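Asker: So that we are looking at the same thing, I have put the structure below in structure tokens.
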Amino acid sequence: MSWVRRALVLVVATLMASVIVAEPSLQDLQRQIDELRRIVKEQQKEIERLREQIKQQQPAPQPTVTAPSGERLNFYGFLRLDSIFDSGLTNNAQTPFWVLSPSNANKRRTGNQQLSVHPRLTRIGINFSAPPNLLKGWNVTGKFEMDWQNAQGVTPESRPLPRIRHAYLQLQRGNYGLLLGQTWDVISPLFPSPNDDTLMWNAGNLGDRRAQLRLSYEPKDKPLRWALALGLTGAVDQKDLDNNGVRDGEDSGLPNLQGRIAWRFRNGELGVWAHHAWERVTNPVANQVRFTSHSVGLDYQWRFGAKWDARGEIWTGRNLSDFRGGIGQGVNATGAEIHSKGGWLEIGWQYSPKQRLALGYTLDDPKDDDVPAGGRTKNSVWYLHHRWRLSGNVEVGVNYLFWTTKWKGQATGVDHRINAFVQHNF
């Protein structure tokens, strides 16, 4: 039976060798399992962080009131106080569009600091929703929103006048919507983070609010979306070149046309837009009675990584004063429409669920040959923005802007602007 013993010894030796050989593989497997556990734990932490971030960014719950007619009303808004310091003199301390030149007769070369404190951006709004089947197949909603950032110098600072921001009715059926009333322009849908007073208008950011009729297509399950609108020309600059008491946009007898088409992808959106507007005067200006305004531009927003985002716009056009371009200059004294180009770029860092930091640059650059002597030829701003949700619905923020405005035939205006605010949302 010695061969049996030898066979048993051989089998046992083989098994022991296989165990010895397999042992490193088991160790590798254990290391892989440990690494997977570590990755899963990190992902769980990141998911919890993102959940907390989304929770912090959600608006405060809106109380619902039912009107006697059956409409449901949701009230929202915030109380806000802004404190602003300017090292240089701007066209307006609360609603700045450009920095005055040291050559300006109303500005001294030194000692032009300004300080302003105001609650004008305090806001209140109402969202309303009509009873179901008010219009068969249509969902009827609307919005009314107001603040007090209006008519500086017309009334005492302690008694500001109210300003309508939004007032519209909206009919929705499937992916299509029809909006009638005042809201944002279709063009230039984004805006930089700082300067809530004027949103960097006339300094690189186009678009404002105006009365309009808008048709839109916004599917939730498809990337393509578009909007077309007919709007009131002259709603912003109230241009009346011949001083006959009639706004030139209304005198044309035509609305302005606006359109935008956008493609939404996983982490962002890219949009292309344009507008065209007509203006007419009764009494010729530089032997002309008809003028036009147009723009074409691109907007983009993109989230990359867990905490970073980028957004901005670029555009070009002419006679843009009614759309917050050309540094507020539309048509010069010779009847030439002032061409301009510009845009803005911002990089944001959401470094905690409650805090966001942003760095950006804006530019409005009219064509020098179109600008008359003493006019504005370039308006640019570098800015740093910080917003912090303290707790609950209370937010604080601070903005720093390095603002320069170049003038034709005059010295460049420079301003270091610091804006701090506290805001309670409801």
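Asker: Ranking PHE291, PHE128 by Cβ neighbours within 10 Å, fewest first, what do you get?
Answerer: Placing the least packed residue first, the sequence is PHE128, PHE291.
Asker: In nm, give the distance between the simple-model label positions of TYR400 and ASP369, each being 7 Å from the Cα along the Cα-to-Cβ direction.
Answerer: 4.1
Asker: Let me ask you something else. Of ARG280, ARG163, ARG324, how do they rank once you tally other Cβ atoms within 10 Å and put the fewest first? Write down the numbers at each step before the final one.
Answerer: Details: ARG280 19, ARG163 15, ARG324 25.
Arranged by neighbour count, lowest to highest, ARG280, ARG163, ARG324 become ARG163, ARG280, ARG324.
Asker: Right, something else. Name the lysines eligible as straight-distance cross-link partners of LYS367: C-alpha to C-alpha under 20 Å, and not fewer than 8 places from it in the same chain.
Answerer: Qualifying lysines at Cα under 20 Å: LYS341, LYS378, LYS406, LYS408.
Asker: Arrange the peptides 415-421, 70-76 so that the one whose residues have, on average, the most other Cβ atoms within 10 Å appears first.
Answerer: On the way: 415-421: 18.1, 70-76: 14.9.
By packing density, highest mean first, the sequence is 415-421, 70-76.
Asker: Which FRET efficiency value, to the nearest 0.05, do you get for LEU169 and ASN243 by plugging their Cβ-Cβ distance into 1/(1 + (r/R0)^6) with R0 = 56 Å? Working shown, then result.
Answerer: On the way: r = 35 Å, r/R0 = 0.63.
E between LEU169 and ASN243, to the nearest 0.05, is 0.95.
Asker: Under a plain spin-label model, where a point goes 7 Å from the Cα along Cα-to-Cβ, how far apart in nm are LEU254 and LYS136?
Answerer: 3.9
Asker: Also: With r as the distance between the Cβ atoms of PHE265 and ILE47 and R0 = 25 Å, compute the FRET efficiency 1/(1 + (r/R0)^6) and round to 0.05. Display every interim value, and only then the final one.
Answerer: Working: r = 22 Å, r/R0 = 0.89.
E between ILE47 and PHE265, to the nearest 0.05, is 0.65.
Asker: Sum -39500 (n - 2.57) across every DSSP H segment of at least 4 residues in the chain, then divide by the residue count to get the 222 nm mean residue ellipticity, nearest 500.
Answerer: On the way: 2 runs with 60 residues, N = 426.
It lands at -5000 deg cm²/dmol.
Asker: On to the next question. For q = 0.06, 0.10 Å⁻¹, what log10 I(q)/I(0) does the chain give under the Debye formula with an equal point scatterer on each alpha carbon and no solvent?
Answerer: The Debye formula, applied to the Cα set alone, gives -0.35, -0.81.
Asker: Here is a further query. Quick one: net charge around HIS166, please, counting Lys, Arg +1 and Asp, Glu -1 for every other residue with C-beta under 13 Å from its C-beta. The partial results should precede the final answer.
Answerer: Numbers: positive: ARG123, LYS143, ARG163, ARG165, ARG209, ARG210, ARG214; negative: GLU145, ASP147, ASP185, ASP208.
So the environment of HIS166 carries a net charge of +3.
Asker: Give me the angle, in degrees from 0 to 90, between the Cα long axis of helix 2-57 and the longest principal axis of the Cα atoms of the chain, rounded to the nearest 10.
Answerer: Its long axis makes an angle of about 20 degrees.
Asker: With θ set to phi - 60°, apply the Karplus curve 6.51 cos²θ - 1.76 cosθ + 1.60 along the range 339-346 and write out the HN-Hα couplings as whole Hz, x wherever there is a Gly or Pro.
Answerer: Each residue's phi maps through the Karplus curve to give 7, 7, 9, x, x, 7, 9, 9 Hz.
Asker: Here's a follow-up. As a footprinting exposure proxy, order THR64, THR233 by other Cβ within 10 Å, with the fewest listed first. All intermediate terms of the calculation are to be shown ahead of the outcome.
Answerer: Values: THR64 11, THR233 26.
By the 10 Å Cβ count, ascending: THR64, THR233.
Asker: Pull out the extension gain between TYR217 and SER83, defined as 0.36 nm times the separation in residues minus the alpha carbon to alpha carbon distance; nm, one decimal.
Answerer: On the way: separation 134, 0.36 × 134 = 48.24 nm, distance 4.07 nm.
Separation in residues times 0.36 nm, less the Cα-Cα distance, equals 44.2 nm.
Read-outs: derived from the displayed coordinates by stated rules, not from any lab. The model shown is predicted, which means the values in this text are computed figures rather than measured ones. For neighbour counting, all protein chains shown are included, and Cβ atoms are generated from backbone atoms with ideal geometry for every residue, glycine included.
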